[in-house]
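The values are calculated or read from the model by the stated rules, or taken from the named source; none is laboratory data. Just so we're clear, the structure is a prediction, and the values are computed from it rather than from any experiment. Cβ placement follows ideal geometry from the backbone for every residue including glycine, while neighbour counts extend to all protein chains displayed.
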Ligand code: GLA
């Protein structure tokens with residue numbers, strides 16, 4: 001990390017020049033969700049962990065009336081007058097920092113000009129929360145530069161709001177929360193209704209978590225994500241007439257069995273069944289981790305994928321082919337899509353001595369099936385957002 005920061009400082013100075021103003025550096029990880037998909041905006045449970053990959057931000061006040069936004073990963077260079085910085089612009093990545101800054105604006109004694117350089121190694125649009133990582137690194141930086149003293153949960157809420165209101169994706173709280181509260185060697189068991197978490201030790205012993213990227217391009221705001229959010233709201237509006245619930249996350253499997261016939265539309269019924277059964281699987285996954293039973297965790301991950309495939313319909317040919325390929329490899333305990341779906345990544349648990357075989361076999365099988373080349377990353381269970389020292 002030290003070398004990465006050093007080389008970024010050079011790039012920063014090349015772009016913005018040297019100055020006596022203090023330069024600060026922050027890092028926010030991406031995340032992988034082990035299980036509990038599309039449950040967060042339904043007030044359910046999720047079980048993500050923070051990754052070793054993430055976004056670095058170098059930032060300092062510039063004494064100008066401008067936000068100078070730059071990224072090592074994208075060509076766009078923003079020179080935005082402070083007075084005009086509350087508008088969404090035509091550059092996708094830059095709307096994440098701008099959206100977050102808007103959330104802080106009413107709480108600042110005037111927004112000052114800043115130079116900001118981002119650099120990330122999370123693949124974009126892959127369902128590993130590159131956007132939440134940009135949001136949270138920005139929120140953490142603004143909090144420190146302006147000495148606001150907001151607690152982590154407020155940074156998480158501000159980042160989520162930025163995505164909901166500024167970017168226009170009605171996402172839940174999981175990604176920002178996982179990026180904020182990641183802990184090495186632990187998964188985050190988050191109750192999205194109470195907004196409370198418990199860290200569950202994730203001891204992999206002879207197993208590894210492998211992330212495989214479909215490399216299918218997608219854009220969350222273009223996807224059917226918001227449509228699913230609405231379908232869940234419809235299901236709740238019906239179940240509410242029979243049960244004392246506000247959200248699908250509060251409906252038990254037993255109550256669903258009793259009242260599912262009250263939902264006349266089959267699609268809406270299937271969406272509800274996914275959310276309610278997935279919620280139940282998270283609880284069972286936590287119990288299995290506590291017992292150290294990774295085989296059961298793997299089985300639950302498999303079931304989760306099937307539910308996302310047939311009931312929630314957010315997988316598609318690429319994710320299904322990748323999961324199918326993974327499950328053929330000996331030593332794989334379970335495999336499922338992770339994140340919003342419609343492309344993006346899968347996560348699999350497998351024996352550590354099978355990692356190379358996995359890469360080869362899955363690569364070949366997936367390429368034959370889809371014509372696309374997958375990428376692989378080993379998931380290290382890591383810490384959340386943090387400020388760093390300039391070396
Ligand atoms: C995206 C959203 C999250 C969550 C997942 C699906 O990552 O940002 O809030 O809804 O999809 O579980």
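Results for (1) surrounded by 15 or more Cβ atoms within 10 Å (Cβ to Cβ); (2) part of a loop (DSSP other than H, G, I, E, B); (3) in contact with a strand residue (DSSP E or B) (Cβ under 6 Å, 6 or more places away or on another chain), shown as yes or no for each residue.
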| residue | (1), (2), (3) |
| --- | --- |
| 136 | yes, no, yes |
| 142 | yes, no, no |
| 149 | no, yes, no |
| 198 | no, no, yes |
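Within the stretch 151-183, being free of Cβ contacts under 8 Å to residues at least 24 places away in the same chain and away from the ligand (no atom under 16 Å from the Cβ) holds for 151, 154. Taking the stretch 351-371 as the range and being buried (at least 16 other Cβ atoms within 10 Å of the Cβ) and more than 14 Å from residue 209 (Cα to Cα) as the test, the residues that pass are 361, 362, 363, 365, 366, 370.
The single condition from (1) at pLDDT below 95; (2) touching a helix residue (DSSP H, G or I) at 6+ places or on another chain (Cβ under 7 Å) that residue 192 fails is (1).
How many residues, within the stretch 1-49, are over 30 Å from residue 310 (Cβ atoms) and part of a strand (DSSP E or B)?
Here is the first cut: in the stretch 1-49, the residues over 30 Å from residue 310 (Cβ atoms) are 1-29.
With part of a strand (DSSP E or B) added as a condition, the list becomes 24-29.
Result for the stretch 1-49: 6.
Sort through 204, 248, 209 and tell me the only one that's surrounded by fewer than 17 Cβ atoms within 10 Å (Cβ to Cβ) and under 26 Å from the mean Cα position of the chain (by Cα). Steps first, answer last, please.
Values: 248 fails: surrounded by fewer than 17 Cβ atoms within 10 Å (Cβ to Cβ); 209 fails: surrounded by fewer than 17 Cβ atoms within 10 Å (Cβ to Cβ).
Within the list 204, 248, 209, the selection yields 204.
Here residue 187 does not fit the description of being away from the ligand (no atom under 15 Å from the Cβ), surrounded by 15 or more Cβ atoms within 10 Å (Cβ to Cβ) and in a strand (DSSP E or B). Taking residue 129, is it in contact (Cβ under 8 Å) with a residue 60 or more places away in the chain, crowded, with 24+ Cβ neighbours inside 10 Å, more than 11 Å from the ligand (Cβ to nearest atom) and under 21 Å from residue 34 (Cβ atoms)? No: the conditions fail for residue 129. Quick check on the stretch 98-107. Is at least one of its residues within 16 Å of the ligand (Cβ to nearest atom), within 21 Å of residue 32 (Cβ to Cβ) and touching a residue at least 24 places away in the same chain (Cβ under 8 Å)? For the stretch 98-107, residues within 16 Å of the ligand (Cβ to nearest atom), within 21 Å of residue 32 (Cβ to Cβ) and touching a residue at least 24 places away in the same chain (Cβ under 8 Å): absent. Within 24 Å of residue 350 (Cα to Cα), surrounded by 17 or more Cβ atoms within 10 Å (Cβ to Cβ), at pLDDT 95 or above and within 20 Å of the chain's Cα centre (by Cα) - does that describe any residue in the stretch 265-280? Yes. Residues of the stretch 51-92 that are within 16 Å of the ligand (Cβ to nearest atom) and out of contact with any helix residue (DSSP H, G or I) (no Cβ under 6 Å at 6 or more places or on another chain): 51, 53, 92.
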